[in-house]
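Colleague: Mind looking over this structure? Questions follow.
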Amino acid sequence: MKRHALTVYALLVVGYLMLPIAVVILFSFNKPAGRFNYVWEEFTLDNWVHWNSILGIQDAIITSLEVGLLATLVATVLGTLIAIAIVRHQFVGRGTTNVLVFLPMSTPEIVLGASLLTLFLNTTAIFQLGFGTIFIAHVMFIVSFIVVTVKARLIGFDRHLEEAALDLGANEVTTFRKITLPLIAPAMLAAALLGFALSIDDFVITYFNAGATQTFPVFVWGIARVSVPPQVNVVASAIFLVAIALALGNVFWQYRSAKKTQGAT
Amino acid sequence: MTDTTRERQGSNLSQTPAVADVRLEDVVKRFDDSTAVDGISLEIPRGSFFALLGPSGCGKTTTLRMIGGFEEPTEGRIFLGDQDVVGRPPYKRDVNTVFQSYALFPHMSIEGNVAFGLERKRVPKDELKGRVAEILELVGLSGFAKRKPRQLSGGQQQRVALARALVNHPRVLLLDEPLGALDLKLRKQMQLELKRIQHEVGITFVHVTHDQEEAMTMADTIAVMSGGKIEQLGPPTELYERPATAFVAGFLGVSNLLPGTVEGADAIRLDEGTVVRAVLNGRSGQVAAGVRPEKISIGAGGGSNELPGTISETAYIGVATQVVVRTAAGTVQVFAQNMDAGGRIPAPGTNVVLSWAPESTFVVDRADSVMEEETE
Ligand SMILES: Nc1ncnc2c1ncn2[C@@H]1O[C@H](COP(=O)(O)OP(=O)(O)OP(=O)(O)O)[C@@H](O)[C@H]1O
Ligand SMILES: [Mg+2]
């Protein structure tokens, strides 16, 4: 009885979480009467076939992907190095760095966005608002997540592993490549995926610092004031499906490697 | 290397085992707020099994880590063979370490772990395969090559750690309490196994432990450490039969220390008046006469040193009966061998004479012994 109650409760929660997404997906197949895709009219596949028929939507998506990939890549390298420095080395300002790294995570986005804009506007000689400033802003907040995740992983594994590698004749570079990196790679990957998702998703900070450049969220915000075409739902649904595919892939991969190690026993 | 030089070197080894493989000269290691190692000098001959023995926190691990290259000494010099290695990173030292936590690489197979050192030396594939298989055979893990470390038991992991170090044929193998995590039975078994492997490969072993029995069973030479210093260094029998300090006497087995004053060339007058004869080693003044519990006989005839007393407690412990005797010089412990099944041990309350040989009597500083009694 109790178990059933729990199942029902869980299903209700999942339903509650999924309902908005379901609506988004459903309305990606709608053929709206006016400029706003708010009322169900009739089923069509046109929106999916002509997903880029809205002026600027394709460029916005490409910009989002470019910013997301580039910022995630740079932030992952940078964040990993910071984490290693904080965990493995003693240096002046280590404690301060440790605290400052948390700031972008704990500061309200609107404050971050506004402050960054102030910075960029005061240094127009170096920074013109656009792709570059969006990229810098995204690296800044992704780095925090990378540092925190990789740091936890570094603290979690036996320091003697690296000493053992040195002991067995590996120099510092080889030790990093053969021991440290493989051990922190899962943490780096997890943090990078999260960072990428945050970057694709971010509106507030990006809006402040985008100038004339449009990422997908900024594009949607702009267009929503005059019309909401169903293509927006199409892109949103596609992003959701990709995310689901990645998650399922991950589960499958873990299941397979678990089976492989069991097979070796 | 030609065969004749190899032969000559080989014979050199057997004739003069005093070629030092590891030499420490006045090594000091200070951390921010403490001195972990406080002026250690020692020489470890090639091919020997050397144990660093001492209580927790006495600086054993720190000493080992300085030899391995993971810590640099604050003062002093460290030689491997004839080369001063201070300042050299671990990967440029011809030593390998077996870590207390084993430190096996979790993402590599057993094979991968063992091959790691050889790969760094760019040993050709065929030779590498052969050597890995050979060493896994030696430690009895041939069937486990493809497994991951976490799929092995503690004892098996310990042997992988050993194989991973040994396969490189280092000049010296450093072992930091490698048996600490094992249960008693497995530990005893691994002690013998380690000893066998050391005989087989002939590499110098430096073994850190705080278990005196382990050090005694395994090592040719033991350095007893305390507070960052070496208290005494020598073969196990010497440390046991002739401890130089009250600390060593107390750390290796049980001993009775009777305070007194040196009188003449080979005698000590105990504080309560009895005169016992001892091996003085040139000591004079206030000392303590020491004797091991198993060297004392209950009743006359055990030797010319005699001390009267009253039995206060007896406890049967299988191989021996432990007897506590109250004497005017202090409480004395005696281990009486259970030679035959009949209970020859007198009951508590009986007045007896304890006797032992002068050769079994050692001398240590009295200041130490007083301190030791206070802490007990
Ligand atoms: N990195 C360090 N920083 C500061 N103090 C240290 C450091 N490493 C060791 N010490 C101190 O040095 C002393 C000796 O430590 P060490 O690890 O050598 O002891 P040990 O003899 O190996 O003890 P155990 O048997 O418990 O392993 C201890 O008091 C310890 O607190
Ligand atoms: Mg230690």
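Colleague: Go through the range B:105-114 and give me each residue that's more than 8 Å from chain A (Cβ to nearest Cβ) and surrounded by fewer than 23 Cβ atoms within 10 Å (Cβ to Cβ).
Modeller: B:108, B:109, B:111, B:112
Colleague: When the range B:210-221 is examined, which residues are found to be more than 16 Å from ligand 2 (Cβ to nearest atom) and touching a strand residue (DSSP E or B) at 6+ places or on another chain (Cβ under 8 Å)?
Modeller: Hits for the range B:210-221 are B:216, B:218, B:219, B:220, B:221.
Colleague: Can you confirm whether residue A:22 is surrounded by fewer than 10 Cβ atoms within 10 Å (Cβ to Cβ) and over 22 Å from residue A:225 (Cβ atoms)?
Modeller: Numbers: surrounded by fewer than 10 Cβ atoms within 10 Å (Cβ to Cβ): no; over 22 Å from residue A:225 (Cβ atoms): yes.
It is false that residue A:22 is surrounded by fewer than 10 Cβ atoms within 10 Å (Cβ to Cβ) and over 22 Å from residue A:225 (Cβ atoms).
Colleague: Does residue A:146 satisfy being under 30 Å from residue A:214 (Cβ atoms) and crowded, with 19+ Cβ neighbours inside 10 Å?
Modeller: yes
Colleague: If you don't mind, another one. Need the failing condition index for residue A:226 against (1) in a helix (DSSP H, G or I); (2) farther than 21 Å from residue A:18 by Cα, just the number.
Modeller: (1)
Colleague: Let me ask something additional. Just need a number here: residues in the range B:199-217 that are away from ligand 1 (no atom under 16 Å from the Cβ), touching a helix residue (DSSP H, G or I) at 6+ places or on another chain (Cβ under 8 Å) and not β-branched (Val, Ile, Thr).
Modeller: Matching residues across the range B:199-217 total 3.
Colleague: State the number of residues belonging to the range B:135-146 that are in a helix (DSSP H, G or I) and touching a residue at least 12 places away in the same chain (Cβ under 8 Å). Spell out the reasoning first.
Modeller: Of all residues in the range B:135-146, those in a helix (DSSP H, G or I) come to B:135-138, B:142-144.
Remaining after also requiring touching a residue at least 12 places away in the same chain (Cβ under 8 Å): B:135-136, B:138, B:144.
The total comes to 4.
Yes/no matrix, rows are residues, columns are (1) among the polar types (S, T, N, Q); (2) touching a residue at least 60 places away in the same chain (Cβ under 8 Å):
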site	(1), (2)
B:167	no, no
B:173	no, yes
B:212	yes, yes
B:263	no, no
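Colleague: Only one of A:203, A:196, A:252 is open to solvent by 40 Å² or more (accessible area, probe 1.4 Å), within 24 Å of residue B:106 (Cβ to Cβ) and more than 14 Å from chain B (Cβ to nearest Cβ). Can you tell me which?
Modeller: A:252
Colleague: Still on this structure, please answer the following. Tell me which residues, restricted to the range B:48-70, are away from ligand 2 (no atom under 16 Å from the Cβ), small (Gly, Ala, Ser) and under 16 Å from the mean Cα position of the chain (by Cα).
Modeller: The one that is away from ligand 2 (no atom under 16 Å from the Cβ), small (Gly, Ala, Ser) and under 16 Å from the mean Cα position of the chain (by Cα): B:48.
Colleague: On to the next question. Within the range A:149-161, restricting attention to residues that are loosely packed, with under 15 Cβ neighbours inside 10 Å and away from chain B (no Cβ under 14 Å), which residue is farthest from residue B:102 (Cα to Cα)?
Modeller: The extreme case among them is A:152.
Colleague: If the Cβ limit is 6 Å and pairs must be 6+ apart or interchain, which residue in the range A:169-180 that is at the interface with chain B (Cβ under 8 Å from one of its Cβ atoms) and among the hydroxyl-bearing types (Ser, Thr, Tyr) pairs with which residue that is open to solvent by less than 70 Å² (accessible area, probe 1.4 Å) and in a helix (DSSP H, G or I)?
Modeller: none
Colleague: So which residues in the range B:80-104 are assigned to a loop (DSSP other than H, G, I, E, B) and at the interface with chain A (Cβ under 9 Å from one of its Cβ atoms)? I'd like the intermediate steps shown before the answer.
Modeller: To start, the set of residues in the range B:80-104 that are assigned to a loop (DSSP other than H, G, I, E, B) comprises B:81-82, B:85-89, B:93-94, B:99-104.
Within the range B:80-104, B:89, B:93, B:99, B:100, B:101, B:102, B:103, B:104 qualify.
Colleague: Would you point out which residue out of B:143, B:180, B:117, B:130 is more than 10 Å from every other protein chain (Cβ to nearest Cβ) and either within 16 Å of ligand 1 (Cβ to nearest atom) or under 30 Å from residue B:222 (Cα atoms) (or both)?
Modeller: Among B:143, B:180, B:117, B:130, only B:180 is more than 10 Å from every other protein chain (Cβ to nearest Cβ) and either within 16 Å of ligand 1 (Cβ to nearest atom) or under 30 Å from residue B:222 (Cα atoms) (or both).
Colleague: For the range B:277-318, give me the residue count where each residue is among the hydroxyl-bearing types (Ser, Thr, Tyr) and either open to solvent by 80 Å² or more (accessible area, probe 1.4 Å) or over 14 Å from residue B:332 (Cα atoms) (or both).
Modeller: So the answer is 3.
Colleague: Restricting the first residue to the range B:53-75 and requiring it to be in the same structural domain as residue B:230 (by TED's automatic domain parsing) and of a type in the set (D, E, K, R), which pairs with a second residue that is in a helix (DSSP H, G or I) and more than 7 Å from ligand 1 (Cβ to nearest atom) meet a Cβ separation below 8 Å and a spacing of at least six or different chains?
Modeller: Going by the 8 Å Cβ cut-off, the qualifying pairs are B:71/B:65; B:72/B:66.
Colleague: Taking the options B:64, B:13, B:52, name whichever one is within 14 Å of chain A (Cβ to nearest Cβ) and either away from ligand 1 (no atom under 15 Å from the Cβ) or at pLDDT 90 or above (or both).
Modeller: B:64
Colleague: Please report, ordered by residue number, the helices (runs of 4 or more DSSP H) entirely within the range A:66-137 with at least 2 residues that are under 26 Å from residue A:188 (Cα atoms) and open to solvent by 80 Å² or more (accessible area, probe 1.4 Å).
Modeller: Correct list: A:94-100, A:103-106.
The values are calculated or read from the model by the stated rules, or taken from the named source; none is laboratory data. The shown structure was predicted, so the numbers you read here are calculated from the model rather than taken from an experiment. Note: ideal-geometry Cβ built from the backbone for every residue, glycine included; neighbour counts use all protein chains shown. Just the protein is used for accessible areas: all its heavy atoms, side chains included, with ligands, DNA and RNA removed. Shrake-Rupley method; radii C 1.70, N 1.55, O 1.52, S 1.80 Å.
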